[in-house]
1. Without any contact (Cβ under 8 Å) to a residue 60 or more places away in the chain and not assigned by TED's automatic domain parsing to the domain that holds ILE90: which single residue out of ILE71, ILE42 fits that description?
2. Here are some residues: ILE71, ILE98, ILE90. Which one is at pLDDT below 80 and touching a strand residue (DSSP E or B) at 6+ places or on another chain (Cβ under 7 Å)?
Amino acid sequence: MNMKMENIKQRLTQIWKQLSLYTIIVITLTVGICIGYYYDFIKNSLTRNKPSSVKREEVTLAIDERNNLLIVKKSDGTYTTYQDSVGYMIFNLYAKNIWGQAANPKTQTTDVK
């Protein structure tokens, strides 16, 4: 009876070792496949978009019927749409700039002696 118990314990430990080895292999393969599948998504989400600048002569600013800001390229007519809040912010910046120029005009002063 004691020999049978020892035999069963040895077989169970061998089965447990093989089962754990195959489990580790399957988990490793699954993680590798998941990383490979989502690699482009992860890579693109971690990169930062560089801001682009345009010259005022190259574009026209417009507002559509939903108050969204449109920046239209004069060369080919393509445009970029921004939310209305961006349009309001840019309008306020332009208005403050124009108001500042109108409130403090640069005029020549002559000294009277």
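1. None of the other options fit; the residue is ILE42.
2. ILE90
The values are calculated or read from the model by the stated rules, or taken from the named source; none is laboratory data. Just so you know, these numbers come straight off a predicted model, no measurement behind them. All Cβ positions, glycine included, derive from the backbone under ideal geometry; neighbour counts span all protein chains shown.
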